[in-house]
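Down below is the structure, laid out as structure tokens.
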């Protein structure tokens, strides 16, 4: 073959690499690496079970973001998944089973968005469908451990 097609292939490869590298560039201000609490592994297994999907818990890179919420492309968020297997959780929601499992489910399905299934049914991991026993589902705890009613923030 002539050398004329080789530059075209190289150019196409460069474009593909650039497109893929830009997909996971989200990182909120005030994020810090976090070791996943042991409870997260149990929640991951519950999420695998409800979705019927397989995944690798150990590939997830966990980050905690200072505060009750953080800026993200869809507005203010309490959780966010990136396709490089990084998950960001607002500090106030690190013990919120629904928020953490919601982001785990994104890692299992491998893309953003909330298709039903598996979100909603068979995995009720949205504000509208969550019915678990998590006492922090409505938001961060207030005085004396009471749950503070807040507007339901975004979980991407």
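The values are calculated or read from the model by the stated rules, or taken from the named source; none is laboratory data. Please read these numbers as outputs of a predicted model, since none were measured by experiment. Here the Cβ is made from the backbone with ideal geometry for all residues, glycine too, and neighbour counts use every protein chain on show.
Observations on the model:
- The number of residues in segment 1-57 being surrounded by 10 or more Cβ atoms within 10 Å (Cβ to Cβ), at pLDDT 95 or above and out of contact with any strand residue (DSSP E or B) (no Cβ under 7 Å at 6 or more places or on another chain) comes to 16.
- Condition met for residue 65 (in contact with a helix residue (DSSP H, G or I) (Cβ under 8 Å, 6 or more places away or on another chain), free of Cβ contacts under 8 Å to residues at least 40 places away in the same chain and either within 20 Å of residue 105 (Cβ to Cβ) or surrounded by 11 or more Cβ atoms within 10 Å (Cβ to Cβ) (or both)): yes
- Selection within segment 68-77 - outside any loop (DSSP other than H, G, I, E, B) and surrounded by 15 or more Cβ atoms within 10 Å (Cβ to Cβ): 70, 72, 77
- Here residue 80 qualifies as assigned to a strand (DSSP E or B) and under 11 Å from the mean Cα position of the chain (by Cα).
- Residue among 111, 102 that is buried (at least 23 other Cβ atoms within 10 Å of the Cβ) and under 15 Å from residue 156 (Cα atoms): 102
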